[in-house]
1. Look through B:Leu67, B:Leu71 and report the one residue that is in contact with a Gly (Cβ under 8 Å, 6 or more places away or on another chain), aliphatic (A, V, I, L, M), within 14 Å of chain A (Cβ to nearest Cβ) and within 24 Å of A:Lys334 (Cβ to Cβ).
2. Quick one: B:Leu170 ticks every box in (1) surrounded by fewer than 18 Cβ atoms within 10 Å (Cβ to Cβ); (2) under 13 Å from B:Tyr189 (Cα atoms) except a single one, so which number is it?
3. Does A:Ala309 satisfy the criteria of being in a helix (DSSP H, G or I), modelled with pLDDT of 95 or more and more than 9 Å from chain B (Cβ to nearest Cβ)?
4. Need a quick list: strands (runs of 3 or more DSSP E) entirely within the range B:28-143 having at least 2 residues that are without any contact (Cβ under 8 Å) to a residue 60 or more places away in the chain and buried (at least 21 other Cβ atoms within 10 Å of the Cβ).
5. Inside the range A:197-215, can you point out the residues that are of a type outside the set (S, T, N, Q), in contact (Cβ under 8 Å) with a residue 60 or more places away in the chain and assigned to a helix (DSSP H, G or I)?
6. Being modelled with pLDDT of 95 or more, at positive phi, surrounded by 13 or more Cβ atoms within 10 Å (Cβ to Cβ) and of a type in the set (Lys, Arg) is true for just one of A:Arg93, A:Arg27, A:Arg49. Which residue is that?
Amino acid sequence: MSEYSHSPSVGIVAPQTARFSEPLALRSGAFLADYELVYETYGTLNADRSNAILICHALNASHHVAGTYADDPDNVGWWDNMVGPGKPVDTNRFFVVGVNNLGSCFGSSGPLSINPATGKAWGADFPLVTVEDWVDAQARLADRLGIAKFCAVMGGSLGGMQALCWSIRYPSRVAHALVIAAAPNLSAQNIAFNEVARQAILSDPQFSDGHFSEKGEKPRLGLRVARMIGHITYISDEQMAEKFGRQLREGLKFSFAPEFQIESYLRYQGDKFAEYYDANTYLRVTKALDYFDPAAEHGGSLAKALSPATAKFLVVSFTTDWRFAPERSREIVKALIDNRRDVSYAEIAAPNGHDAFLLEDPRYLATVRAYLKKAYP
Amino acid sequence: MSLRRDYSVIAGWIQPGSRVLDLGCGDGTLFKLLADTRQATGYGIEIDDDKIPLCIANGVNVLQRDLEGGLRDFDDQSFDCVILSQTLQAMRHTELVLDEMLRIGREAIVTFPNFGYWHVRMQLLMGRMPVSDDLPYQWYDTPNVHLFTIADFDALCEKKGYRVISRQVLAGDKPVTALANIRGSLAMYRLTR
């Protein structure tokens with residue numbers, strides 16, 4: 001266990017809701033006439049409003065970044081080892097904002113919320129949203145909170161893509177971008193995994209073209225398989241071997257019941273996910289991943305795409321991450337070097353694959369800690 | 001080697017406002033010196049996990065990667081100066097690293113412990129591998145794989161067609177001019193093509 005485990009948590013937190021009635025133009029051409037964003041904040045905004053850090057979440061996470069809820073003490077924020085008093089994102093010094101993205105199923109406007117036009121849940125009718133749309137909505141939340149410029153925008157995986165997008169889309173509003181375990185776009189293989197996950201959901205008879213909740217159903221089987229596929233890509237071959245190997249639960253049964261521990265683990269993860277996650281959200285979030293490609297409108301040149309960015313960068317990758325491998329982070333670093341931007345890059349030799357960005361690796365946490373200390377002494 | 005004697009010489013060779021790449025930048029002390037005193041910008045390259053937060057704390061842009069094979073991302077002539085401070089002797093592909101330095105930088109600064117130093121020669125004469133301030137390792141734990149003398153390096157520069165802009169040799173803290181390959185313990189070269 002690292003030193004950080006013993007640091008106190010930010011404690012009891014409570015989500016807040018911001019309602020926006022100015023229409024948001026989406027990249028797809030659709031509009032969201034009005035919408036809500038659910039968010040949490042930790043720490044105190046200083047007098048000159050210069051100590052705010054925006055935390056962007058990845059696929060299945062939310063605005064609940066750190067701390068716990070009074071009525072749900074076991075529900076610890078997804079980045080509680082990173083964010084809190086004395087932690088690398090030190091809530092004694094920073095004002096931290098965690099925001100749930102549009103299209104999510106954890107409170108912000110999305111398939112589960114009511115479509116004001118119909119008075120019924122959006123379900124399958126909620127528009128497809130992109131990383132750019134999320135960032136635009138986050139910028140409006142920043143306006144609402146009186147934050148003209150973030151000291152840092154940071155995130156891992158899909159959250160890192162949002163940080164990258166912020167630096168391009170709102171260069172004057174980001175002093176530092178921390179892009180962790182991310183990629184400048186998805187590879188064909190990444191999209192392929194997403195498509196298999198989507199097909200699992202779309203072909204579940206209980207999906208009903210996305211209108212399952214009206215029928216009181218849920219495409220659990222599809223969500224379950226989608227999560228299993230995702231989970232395989234989050235951990236490294238070596239870690240899976242170390243954690244599960246070929247271990248059996250109770251010997252071979254010559255049946256299709258779970259026999260190997262890895263089967264049982266995947267089923268458990270899949271079942272858990274199918275209960276708390278929404279299928280329409282999963283489809284949308286994986287599409288947002290697939291669509292993200294800032295270089296595309298610059299002839300494929302990431303350097304050109306990043307030329308408006310004025311933030312200083314910390315880019316972090318993990319050696320055993322094969323979902324967004326270090327090579328992908330190095331593409332970002334190269335594009336920043338080509339633009340002569342300030343960038344530091346850490347390539348952490350962690351065994352945990354893509355999931356490493358959520359785990360307690362002392363070298364990783366020390367790097368983020370040192371960076372933010374320098375960014376805001 | 002707490003005080004790196006080559007740093008002040010290197011700083012003297014860096015033009016104000018230069019764009020610098022420091023290969024094997026350690027905790028970033030040299031780069032910080034160059035940024036503070038010569039307004040240098042650019043990057044340090046370091047492989048060691050533990051050094052990365054130290055560089056960041058020193059305000060140095062550090063890129064974690066292996067020097068051997070890790071320099072391809074840098075464009076031709078994109079830096080004013082590429083520095084390799086007391087590291088060449090630990091490189092496996094000496095010629096490749098030097099070629100890469102002068103591909104990326106208009107100039108290169110290379111510093112290294114002189115294996116021709118009289119004290120080194122004496123220890124060899126006594127039948128033991130030399131250990132000194134500049135060569136602080138035992139033969140069995142040294143990271144150095146290519147030890148060489150000032151005369152060796154001159155010959156390599158000649159062969160490769162590198163032009164020596166400046167050279168400074170130190171014995172302890174004192175500059176050495178005559179009989180440098182015998183009297184000098186630490187050599188510093190400023191090269192170009």
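1. B:Leu67
2. (1)
3. Numbers: in a helix (DSSP H, G or I): no; modelled with pLDDT of 95 or more: yes; more than 9 Å from chain B (Cβ to nearest Cβ): yes.
No, not satisfied.
4. Working: elements: B:41-46, B:62-64, B:79-85, B:105-113.
Those strands (runs of 3 or more DSSP E) span B:41-46, B:62-64.
5. Correct list: A:Ala197, A:Arg198, A:Ile201, A:Leu202, A:Phe207, A:Asp209, A:Gly210, A:Glu214.
6. After ruling out the rest, the residue left standing is A:Arg49.
Yes or no, residue by residue, for (1) over 14 Å from the mean Cα position of the chain (by Cα); (2) at pLDDT 95 or above; (3) crowded, with 24+ Cβ neighbours inside 10 Å:
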residue: A:Asp143; (1), (2), (3): yes, yes, no
residue: A:Lys149; (1), (2), (3): yes, yes, no
residue: A:Ser157; (1), (2), (3): no, yes, yes
residue: A:Leu164; (1), (2), (3): no, yes, yes
residue: A:Ser167; (1), (2), (3): yes, yes, yes
residue: A:Ala175; (1), (2), (3): yes, yes, no
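Conditions tested, residue by residue: (1) modelled with pLDDT of 95 or more; (2) farther than 17 Å from A:Val174 by Cβ; (3) surrounded by 22 or more Cβ atoms within 10 Å (Cβ to Cβ).
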site: A:Val315; (1), (2), (3): yes, no, yes
site: A:Thr320; (1), (2), (3): yes, yes, no
site: A:Lys334; (1), (2), (3): yes, yes, no
site: A:Ala356; (1), (2), (3): yes, yes, yes
site: A:Glu360; (1), (2), (3): no, yes, no
site: A:Tyr364; (1), (2), (3): yes, yes, yes
site: A:Tyr376; (1), (2), (3): no, no, no
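The values are calculated or read from the model by the stated rules, or taken from the named source; none is laboratory data. Quantities reported herein were computed from a predicted structural model and do not represent experimental measurements. Please note: Cβ atoms are built from the backbone with ideal geometry, for glycine as well, and neighbour counts cover all protein chains shown.
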